[in-house]
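Comments concern the structure below.
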Amino acid sequence: MAVREFAERGADLELVGIQKRFPGFTAIENLDLTIPAGSFFALLGPSGCGKTTTLRLVAGLEEPTQGRILIGGKDVTSTRSHERPVNTVFQSYALFPHMSIIENVAFGLKRRRIGDPLGKAHEALRLVELDHLAQRRPQQLSGGQQQRVALARAIVNRPALLLLDEPLGALDLKLRRQMQLELKTIQEEVGLTFLHVTHDQEEAMTMADTVAVMNKGAIEQMGAPAELYDLPKTAFVANFLGQSNLFSGEVAGSTDTAIAVDAGGARLVVPKARAHRHNGAVTVGVRPEKVSLHVEAPVPSSERNVLGPGRVLDVSFSGVSTQYLVDVPGHGTILVFAQNTGSGPSVGVGAEVWASWLVEHGFGLDDGAVEVERFAADDSTTSIAAQRRDDLVAELGEG
Amino acid sequence: MAFAAFATAEAQPQAPRKSSRIALFLLLPGILYLVLFFLTPLVSLLLTSLQAPLEYGDIGQYQYAFNWQNYVDVMTAYWPHILRSFGYALAATVFALLFSYPLAYFIGVKARRWPLLQSLMLVLVIAPFFISFLLRTLAWKQILSDESFVITSLKALSLLGPDAHFTGTPFAVIFGLTYNFIPFMTLPLYTALERLDLRYLEAGSDLYANPFTVFRKITVPLSMPGIVAGTLLTFIPAAGDYVNASRDFLGGPDTQMMGNVIEANFLVLLNYPAAAALSIILMAAILVLVGVYVKRSGTEDLL
Ligand SMILES: Nc1ncnc2c1ncn2[C@@H]1O[C@H](COP(=O)(O)OP(=O)(O)OP(=O)(O)O)[C@@H](O)[C@H]1O
Ligand SMILES: [Mg+2]
């Protein structure tokens, strides 16, 4: 019954109305997801949002409370895990401690009676540059090496669908980049379908064809990385994928192509095509790198939204760019990234500035009015750090 | 030479030497205990096993000698008992393992979600220890005697022949051994299975292994320390057991094991050298068997 051959190519995965309830806790509610064959799909979300649970459901290690799972068009909801054409790189590696590395890697091949399991296992180990450690036990390897073995152990089976649960989490930056490239190459060469779970947004954006942002057991938004970044649908996505400046207000007027939002007294214009809602209470936003700073009030124009004057609270230099925190009364703190091209104004803490951005760079969320809480929804370290600093700055500002 | 020795001694860092001296000091009670209660009797047993009858002496009077003929004598006289001992012990170990593994698996793996059930079942496994095993074995003798309800019912149902016995047969002895040593098998198995990381089993089934293969290739090897410990704790005492096979308990004239003949030689026949020689043979045989077994099962760390 088990799959006796290598997959010719990837299979598509379809999750239909999946719900997973643990005793006293709903981990996933009503998840619908289609991953086309041969694509590199990244599932991105904060810790505890149900990513691992989703993978376990697909691998057959967990049964959905409701819903169906289809792989390559075949309903596998009640197929047991060893009969599914799926392999997993586990978040905890789960290398068999009583077997050598090579035995670990050859395990799946032997179960499927695929010819020359040891040769293929060595080949897979060479791919992750660990062939010289083939005879060792997993306990004798570093965390990153174990992770690469786990990767080899899954890839060697050439499954129609490969599930990767943060497979690069334990690697240093250089090796991580290298493995990302390697993974992408393998995926493209063989045309396998990859479902890659990560909470590293950069990894998701650089590697995946499609990114789904997951939050609290549901998918908030799905699409190509650039699309998601350019036009986030919810405040969560806007702040989980990069950072955003968000402003809540009422729609005060609209033309054929744009809406104007009255946000705390300022008039912010957003193209209709870039706004998910066109009336009532809305939240609009702009990415910090799209905002420019001016030391003099800019001439009002229909092409730019202007906020100000405000006061620079903090300037931090990070090499290629400088990050400014500007407090604009009535609008809170605005984050601005300025490329250090030498052309923009250089302002110091306490300077009076105006912030402006092109109308076509703004976006309107689907959320309605949200509590404009800039970085709270995100668990990633950089934003926690930014949040901390934000709080600190606010405190200092009061004092 | 002396200078060299002196120099190396000087060069040694102080700390490890101090700690090794402390370790030695801490080991002292243990070493004394072993010398007193293990080595002394062992040497005495060895010397006794080589004794020769006192010339013109009474029955039971012996003198120190180097009479290795004793070993040949007991081997020729008692080889069936020796074989029987190891045969019964092996059978009891296998049955205890077959019974205990599913039990330990249930308590240690399946019952993890219900800690109360887990504790309750563990208490039930240990509960027999609250009654002396002599009493329990006697109770089984009653339960399985020819006049007992169990045997008469079986006869009435024609499941047993009209003049069949249970007590006094090898089955009864093996049954008794199995019964008495099941906790010794179950507890180490439980300890090993309780620590079994289920993620390995999941990884196995993710890698196309069906449940039986997962059990054979992952569960069993990972619980090997428990299997080895349990079988040793069962096999060693079972091979030397003299209660179950005794005529006063579940055994009969044809089921005598080494323990029984050692007992008879010591206490009835007063042939101390024969009894001592048999004891030494039993010990040596167990040592060899266990050594080979542990080596084969790949758990040398246990020794
Ligand atoms: N067996 C279980 N019983 C009860 N709750 C569970 C169980 N497994 C997972 N959960 C809960 O389901 C939620 C989702 O868990 P999951 O492991 O899928 O998170 P995740 O997105 O993979 O997080 P991370 O990025 O930290 O790995 C968590 O809140 C977790 O506590
Ligand atoms: Mg996880």
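Give me the percent of DSSP beta bridges within chain A that run antiparallel, rounded to the nearest 5.
75
By accessible area of protein heavy atoms, probe 1.4 Å, what ranking do A:ARG158, A:ARG153, B:ARG296 get, highest first?
Numbers: A:ARG158 80, A:ARG153 5, B:ARG296 200 Å².
Largest to smallest exposure gives the sequence B:ARG296, A:ARG158, A:ARG153.
Given that compact globular proteins tend to follow 2.2 N^0.38 Å, what is the ratio of the alpha-carbon Rg of the stretch A:46-143 to that value?
Expressed relative to 2.2 N^0.38 Å, the Cα Rg reads 1.27.
Would you work out the charge dipole size for the protein assembly as shown about its Cα centre, treating the Cβ of every Lys and Arg as +1 and the Cβ of every Asp and Glu as -1, and quote it to the nearest 20 debye?
Dipole of the protein assembly as shown, to the nearest 20 debye: 1680 debye.
May I ask you to derive the FRET efficiency for A:SER142 and A:ASP327 from their Cβ-Cβ distance with R0 = 30 Å, giving the value to the nearest 0.05?
That pair, A:SER142 with A:ASP327, gives E of 0.05.
If you take the Cα Rg of chain B and divide it by 2.2 N^0.38 Å, with N the number of residues, what do you get?
Chain B yields a ratio of 1.31.
Which trypsin sites (Lys or Arg not before Pro) does the stretch A:40-84 hold that lie in a coil by DSSP with at most 15 other beta carbons within 10 Å? Please list the in-between numbers first.
Values: sites: A:LYS51, A:ARG56, A:ARG68, A:LYS74, A:ARG80; in loops: A:ARG80.
Sparse-neighbourhood loop trypsin sites (Lys or Arg not before Pro): A:ARG80.
Would you kindly state the longest site-free stretch of chain B, with sites defined as GluC sites (Glu not before Pro) in a DSSP loop (not H, G, I, E, B) surrounded by at most 15 other Cβ atoms within 10 Å? List each step's numbers first, then the result.
Working: sites that count: B:GLU55, B:GLU147.
The longest such stretch corresponds to B:148-303.
Roughly how compact is chain A, stated as its Cα Rg over 2.2 N^0.38 Å to two decimals?
Compactness ratio reported: 1.14.
Would you calculate, for chain A, the mean residue ellipticity at 222 nm contributed by helices, counting each DSSP H stretch of 4 or more residues as -39,500 (n - 2.57) and dividing by all residues, to the nearest 500?
Helices in chain A give a 222 nm mean residue ellipticity of -7500 deg cm²/dmol.
Say each of A:GLU123 and B:PHE66 gets a label point 7 Å from the Cα, pointing the same way as Cα to Cβ; how far apart are those two points in nm?
So the two model labels end up 6.9 nm from each other.
Considering Cα pairs under 8 angstrom that are at least six residues apart, work out the relative contact order of the stretch A:23-155 and quote it in whole percent.
This gives 21 percent for the stretch A:23-155.
Scan around A:VAL89 for amide H atoms under 5 Å from its own, H built in the peptide plane at 1.01 Å from N, and keep only partners 5 or more places away or cross-chain.
Correct list: A:LEU163, A:LEU164, A:ASP165.
Say the dipole of chain A comes from +1 at the beta carbon of Lys and Arg and -1 at that of Asp and Glu; which of A:LEU183, A:VAL211, A:VAL105 then lies farthest toward its positive end?
So the residue furthest toward the plus end is A:VAL105.
How fast does the stretch A:13-228 diffuse by Stokes-Einstein, in µm²/s, taking the Kirkwood radius from C-alpha pairs at 25 °C and 0.890 mPa s? Intermediate values should be presented prior to the final figure.
Working: Rh = 17.5 Å.
Rounded to a whole number, D works out at 140 µm²/s.
Rounded to the nearest 20 Debye, what is the dipole magnitude of chain A about its Cα centre when Lys and Arg each give +1 and Asp and Glu each give -1 at the C-beta?
Values: 38 positive and 48 negative charges, 336 e Å.
For chain A, the charge dipole is close to 1620 debye.
Hey, which lysines would be in cross-link range of A:LYS120, C-alpha to C-alpha under 17 Å, not counting anything within fewer than 8 residues on its own chain?
A:LYS110
Strictly over 20 Å apart at the Cα level, which of A:LYS20/A:LYS216; A:LYS51/A:LYS216; A:LYS74/B:LYS217 would you flag in this model? Spell out each step's value before the answer.
Details: A:LYS20/A:LYS216 12 Å; A:LYS51/A:LYS216 10 Å; A:LYS74/B:LYS217 30 Å.
Exceeds cut-off: A:LYS74/B:LYS217.
Evaluate Rg over Rh across the stretch A:243-384, taking Cα atoms for both radii and Kirkwood's formula for Rh.
Checking Rg against Rh, the ratio lands at 0.96.
May I ask you to list the GluC sites (Glu not before Pro) in the stretch A:272-314 that are in a DSSP loop and have at most 14 other Cβ atoms within 10 Å of their Cβ?
Listed in order of number, the matching sites are A:GLU296, A:GLU303.
Which three semi-axes in whole Å describe the equivalent ellipsoid of the protein assembly as shown, each the square root of 5 times a Cα gyration tensor eigenvalue, listed largest first?
76, 32, 24
If Rh is defined by the Kirkwood formula over all Cα pairs and Rg also comes from Cα, what ratio Rg/Rh do you get for the stretch B:197-247? Write down the numbers at each step before the final one.
Details: Rg = 17.2 Å, Rh = 13.2 Å.
Looking at the stretch B:197-247, the ratio lands at 1.31.
What is the P(r) of the stretch A:5-58, as percent of Cα-Cα pairs per 10 Å bin from 0?
Result, from short to long distances: 20, 49, 23, 8, 0 percent.
Per Stokes-Einstein, at 10 °C and 1.306 mPa s, what whole-number D in µm² s⁻¹ belongs to the stretch A:205-253, with the Kirkwood radius over Cα pairs as the hydrodynamic radius?
So the translational diffusion coefficient is about 135 µm²/s.
Write down Rg/Rh for the stretch B:135-249, rounded to two decimals, with Rg from the C-alpha atoms and Rh from the Kirkwood relation over Cα pairs.
My calculation of the ratio gives 1.18.
From the C-alpha gyration tensor of the stretch B:70-142, pull out the three semi-axes of the equivalent ellipsoid (sqrt of 5λ each), sorted largest to smallest, in whole Å. Numbers along the way, then the final one.
On the way: eigenvalues 274, 59, 16 Å².
After scaling each eigenvalue by five and taking roots: 37, 17, 9 Å.
Given a 1.4 Å probe and heavy atoms of the protein chains only, how would you sort B:TYR242, B:TYR88, largest accessible area at the top?
B:TYR242, B:TYR88
Kirkwood Rh over alpha-carbon pairs of the stretch B:219-265, then Stokes-Einstein at 4 °C and 1.567 mPa s: what D in µm² s⁻¹, rounded to an integer? Don't jump to the answer; show the numbers that get you there.
Values: Rh = 12.1 Å.
Value of D from the Cα-based Kirkwood radius: 107 µm²/s.
By the gyration tensor of its Cα atoms, with a ≥ b ≥ c the square roots of the eigenvalues, what is the shape of the stretch B:240-303: rounded for a/c under 1.5, prolate for a/b over b/c, or oblate?
Oblate.
Let's see if you can work this out: charge +1 on each Lys and Arg Cβ, -1 on each Asp and Glu Cβ, no other charges. What is the dipole magnitude of the stretch A:217-286 about its Cα centre, in debye to the nearest 20? It would help to have the intermediate numbers written out before the result.
Values: 5 positive and 6 negative charges, 10 e Å.
The calculated dipole for the stretch A:217-286 is roughly 40 debye.
Would you mind computing, in nm to one decimal, how far apart the modelled labels at B:THR152 and B:ASP73 are, each placed 7 Å from Cα along Cα→Cβ?
4.8
The values are calculated or read from the model by the stated rules, or taken from the named source; none is laboratory data. Keep in mind it's a predicted model, so treat the numbers as computed, not measured. So basically every Cβ, Gly included, is an ideal-geometry build from the backbone, and we count neighbours across all protein chains shown. What goes into the accessible areas is simple: the full protein's heavy atoms, side chains included, and nothing from ligands, DNA or RNA. Shrake-Rupley method; radii C 1.70, N 1.55, O 1.52, S 1.80 Å.
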